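See structure below.
Where a number appears in this text, it was derived from the coordinates with a stated rule and is not lab data. Keep in mind the model is a prediction, meaning the values are calculated, not measured. With ideal geometry, Cβ positions are generated from the backbone for all residues, glycine too; neighbour counts draw on all protein chains shown.
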Amino acid sequence: MIRHVLAAAAALVLPRVALAQGTLGSQGLGFPVGQLSTHARGTAGAIAEFDPVTGVNPASLSTWGRAAIHVQFEPETRTTSTAAGRDLTGISRFPLLAAGIGLGERVAIGLNVSSFLDRSWETLFSGTQIVGRDTARFVDRNGVRGAIADTRFLVGVALPAGVRVGAALHAFTGEHRIRSARSYDTASAFVSFSSSQTVRFAGRAASLGVTWQPVRWFGLAGSARFGGEIDAVNDAERFRAEGSIPNRFGIGARAEIARGLTLAARRERISWTAMRPLIESAVAVTDADETAIGLEYLSPSMGRLPFALRLGTASRALPFGVAQAIVREQVVAGGVGLVLAQGRFGVDVSYTSGRRSAPGNLSETAGTFSLGIIIRP
């Protein structure tokens, strides 16, 4: 009996590196959700530098208006294709909660809680184990539940000449709950078992931002996040690591090219390699660029129900690769927004279709539905 237990334990420990490969998007420390509001998602992130709900640029908060709260729900489905076949998975997120209030005509303050990295996945694998003359069917269930969240306190100020500035303080917290289990047939002589561990994270950062609208139909924006330390602690394995929150630099522009129709573009770079010390495995970590371009049409508000239509596309490299292979993602998005009850209630809906790929005939398609609701009492 003892040798059966030891053999089963060895079989579970040996593929440890492979367990981190549940999906292409959730390698390393997880999938970079993007921290975008449903509004910004409809343009594939192109409008993010000007969106006060997204909050990546704290200067945009000065356009928040009267007190409001925003909640967001996002289910995602993924289909991962490898040489071994295809695997369909799904996950539901509540990736963004934002609240803000204007203090007079020029100043606004806000609180924004968003998903920074999401490492939620689960895989099932069935097979046969042979030890000596004994044979048993088994099922392996491996997965991770958890994420790192970014909580921001923001201040935005409107200045003369169409200039807005802002600043934010960030607290990064979260945990990864990792579980591996192997179960055997009830008639088997082998013993089913499982193991679990939890890794906790804590870090900090600060952001600055500016927007400038020299004329009514054109605007420019820029923002930067400067990362402080982030710690990872695993008490079960007596493991502790220190890294840095990645610096982020973004620029954006928008122009009204026709009545009610705005063209927006954004470029962003995130220095993800600052988090490399937090990862035990030899997974590739890369500094990632993202480029997005999108269109937004706002209907005239007089005499009809105000609505918005949005389209966009974006491309980026994901920060964590498969072994040493970098994963790239191409996104196409669209969305619609409605303003109800004389501006007291707003609903945004968007859908994002993403394709992720890596060398070795690895690919993944992902569809994300996003629903955002904003309430202004």
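Summary of values
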{"read-out": "Dmax and Rg, reported as Rg then Dmax, of the chain (C-alpha, Å)", "value": "23.1, 83"}
{"read-out": "Extension gain, Phe249 back to Asn361 (0.36 nm per residue minus Cα-Cα distance, nm)", "value": "37.1 nm"}
{"read-out": "Inter-site label distance for Ala236 and Ile101 at 7 Å from Cα along Cβ, in nm", "value": "4.3"}
{"read-out": "Helix axis angle, 2-13 relative to the chain longest principal axis, alpha carbon, degrees", "value": "30"}
{"read-out": "Three semi-axes of the equivalent ellipsoid, the range 76-139, Cα gyration tensor, whole Å, largest first", "value": "50, 13, 8"}
{"read-out": "FRET efficiency estimate (nearest 0.05) - Cβ-Cβ, Leu159 to Ala258, R0 41 angstrom", "value": "0.90"}
{"read-out": "Gained length - Ser126 relative to Phe345, 0.36 nm times residue gap less alpha-carbon distance", "value": "73.9 nm"}
{"read-out": "Relative counts (whole %) of C-alpha pair distances in the range 307-377, using bins that are 5 Å wide", "value": "4, 14, 20, 16, 13, 11, 8, 7, 4, 2, 1"}
{"read-out": "Per principal axis, descending, Cα span of the range 163-251 in whole Å", "value": "77, 30, 14"}
{"read-out": "Geometric extent, Cα atoms of the range 74-202 - Rg, Dmax (angstrom)", "value": "23.7, 83"}
{"read-out": "Per DSSP, loop GluC sites (Glu not before Pro) in the range 190-261 with at most 13 further Cβ within 10 Å", "value": "Glu237"}
{"read-out": "Ala189 versus Phe218: modelled label distance in nm, points set 7 Å from Cα along the beta carbon direction", "value": "8.1"}
{"read-out": "Principal axis dimensions, largest first and in whole angstrom, of the range 235-377 by Cα", "value": "63, 36, 27"}
{"read-out": "Translational diffusion of the range 23-79, µm² s⁻¹ [Kirkwood Rh, Cα pairs; Stokes-Einstein; 25 °C; 0.890 mPa s]", "value": "189"}
{"read-out": "Within the chain, helix-based [θ] at 222 nm, where runs of 4 or more DSSP H residues each add -39,500 (n - 2.57), nearest 500", "value": "-1500 deg cm²/dmol"}
